[in-house]
Amino acid sequence: MSTAMTFGQKQFIPTPPDKGSFPLDHEGICKKTMVRYMKCLINNNSNNSLCRDEAKEYLACRMENNLMAKEDWNNLGFQENKEER
Amino acid sequence: MKNKYIVTMNRVLLMNRCCYSVIRYNFVVNHQILIPKKPLQNVIIRSAHDQKEKIRSTLNYMIALGVMTVGLSYAAVPLYRIFCQAYSYGGTTGQIEANQAVSNMKAIKDRPIKVRFNADTASSMQWNFKPQQPDITVLPGETALAFYTAVNPTDKAVTGISTYNVIPFEAGQYFNKIQCFCFEEQQLNPHEQVDMPVFFYIDPEYIEDPKMEFIDEIVLSYTFFEAKEGMKLPVPSYVKQ
């Protein structure tokens, strides 16, 4: 990545994620919700805005099975009141 | 004319020599040339002590100025960092409460951005690593979920560690990851397949950047390396091991 050419060019500095790293889902507990999310994406031409409910389900599954720290939905960007959308 | 010039120069020279002798030998040399030709009545003739004091105080001021300059140049480094963090100058992110920022964020509907996913492994890494979706269309200010899959086809448990890159370079500062799988060692058992999610959003300030006006596609690229015992990877210093 750092060759002689890249000297003097701006360097990309990766930043750590805000809430750290996802623990790996070795047993595949949340695989069903993941597949549902992927199906939704395929059906909607990879449009994220239409698949947010499925994403919320996947994250809820993770939280319930101790694969993710429990967070308020607002802090994850899922506003509760529908008027926001 | 020239005569006057020579006289003045001589006078200046002698004054310097006088200062020197005052400091070193603590006495005043009263040379004929130094006494003004027309002494005024209310001219105060300084004593040797006063002259010495004045020179010494000037010297003190100069030394203090020098020390202050050196000290300022050392202090400038952390001060600048604090300033940058407080005002987010030049793209440095401060210790802003991430939760607050995310919960107050509103999605901007008229600027959809396509995020394409790329997956790589180091040549010695035997995992099969690929994204589950080739791309996703996301709005700035909206959180999005994406998946990568990794398979360990070998008969041994392999530990990997990943890093990421965002192209174009200028878009990288707007790409915020809430949670992902990078920078920490992830172990895969033999013949195991696992899904790795990335939860991210693009900062709404993206639309206000003139450089981003024509950029509607961002590529997020993850690379997995194998973590061996004693191998030192270029992991950023802030990552806790």
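Coordinate-derived values only; no laboratory data. Here the structure is a predicted model, which means the values were calculated and not measured. Backbone-built Cβ (ideal geometry, glycine too); neighbour counts: all protein chains shown.
Show the residues, 5+ positions off or on another chain, whose built amide H is closer than 5 Å to the amide H of A:Asp25.
HN-HN under 5 Å from A:Asp25: B:Asp195.
At 0.36 nm per residue, and after removing the present C-alpha to C-alpha distance, how many nm does the segment from B:Phe169 to B:Gln187 gain when stretched out fully? Before the final figure, lay out the partial values.
Details: separation 18, 0.36 × 18 = 6.48 nm, distance 3.03 nm.
Stretched out fully, the B:Phe169 to B:Gln187 stretch lengthens by 3.5 nm.
Compare the peptides B:64-70, B:127-133, B:81-87 by average per-residue count of other Cβ atoms within 10 angstrom and give them in order, highest first. Mind showing how you got there, number by number?
Working: B:64-70: 9.9, B:127-133: 17.7, B:81-87: 12.0.
Going from most to least packed, we get B:127-133, B:81-87, B:64-70.
Order B:179-190, A:37-48 from most to least packed using the mean count of other Cβ atoms within 10 Å. All intermediate terms of the calculation are to be shown ahead of the outcome.
Numbers: B:179-190: 18.9, A:37-48: 16.9.
My ranking of the peptides, most packed first, is B:179-190, A:37-48.
A:Lys32: which aspartates and glutamates have alpha carbons under 15 Å from its alpha carbon, excluding same-chain residues fewer than 8 sequence positions away?
Result set, ordered by chain and number: A:Asp53, A:Glu54, A:Glu57, A:Glu64, B:Asp195.
Within region B:69-217, how many Lys pairs sit with Cα atoms under 21 Å apart, leaving out pairs fewer than 8 places apart on the same chain?
Within region B:69-217, the lysine pair count is 9.
Can you pull the mean other chain C-beta count within 10 Å for peptide A:64-75?
Numbers: counts 0, 0, 0, 1, 3, 1, 0, 4, 3, 1, 6, 9.
The shielding value for this peptide is 2.
From other protein chains only, count the Cβ atoms within 10 Å of every residue's Cβ in B:133-139, then give the mean. Can you show the working numbers first?
On the way: counts 5, 1, 3, 6, 8, 4, 3.
Whole-number average of other-chain Cβ neighbours for B:133-139 is 4.
Across 10 Å bins from 0, what is the distribution of all Cα-Cα pair distances for region B:46-88, in whole percents?
Per 10 Å bin, starting at 0, the Cα pair percentages come out as 25, 25, 21, 16, 10, 4.
Per residue of region B:172-177, what does 6.51 cos²θ - 1.76 cosθ + 1.60 with θ = phi - 60° give for ³J(HN,Hα)? Whole Hz please, x for Gly and Pro, Karplus curve as stated.
x, 6, 9, 8, 10, 9
For B:Ser47 and B:Cys84 in the same chain, what is the full-extension length gain: residue separation times 0.36 nm, less their Cα-Cα distance, in nm? It would help to have the intermediate numbers written out before the result.
On the way: separation 37, 0.36 × 37 = 13.32 nm, distance 5.38 nm.
Taking B:Ser47 through B:Cys84 to full extension adds about 7.9 nm, to one decimal.
Can you give the FRET efficiency for B:Asn104 and A:Gln11, using 1/(1 + (r/R0)^6), R0 = 41 Å, r = Cβ-Cβ distance, to the nearest 0.05?
Details: r = 31 Å, r/R0 = 0.75.
For B:Asn104 and A:Gln11, the calculated efficiency is 0.85.
Under a plain spin-label model, where a point goes 7 Å from the Cα along Cα-to-Cβ, how far apart in nm are B:Ser124 and A:Glu64?
Placing both labels 7 Å beyond Cα along the Cβ direction yields 4.3 nm.
Taking the square root of 5 times each eigenvalue of the Cα gyration tensor, what semi-axes in Å does the equivalent ellipsoid of region B:106-226 have, largest first?
Here the semi-axes work out to 30, 13, 11 Å.
Please list B:158-166, A:71-79 highest first by mean number of surrounding beta-carbon atoms within 10 Å per residue. Don't skip to the answer; put the middle values down first.
On the way: B:158-166: 20.1, A:71-79: 17.1.
Result, highest mean first: B:158-166, A:71-79.
What distance in nm separates the two pseudo spin-label positions at B:Ala76 and B:Tyr61, each 7 Å out from Cα along the beta-carbon direction?
Between B:Ala76 and B:Tyr61, the label points sit 2.4 nm apart.
As a footprinting exposure proxy, order B:Arg11, B:Arg116 by other Cβ within 10 Å, with the fewest listed first.
Least to most surrounded, the residues fall as B:Arg11, B:Arg116.
Averaged over peptide A:51-58, how many Cβ atoms belonging to another chain are found within 10 Å of each residue's Cβ? Kindly include the intermediate steps, with their values, before the conclusion.
On the way: counts 3, 5, 0, 1, 6, 2, 0, 5.
Taking all residues of A:51-58 together, the mean is 3.
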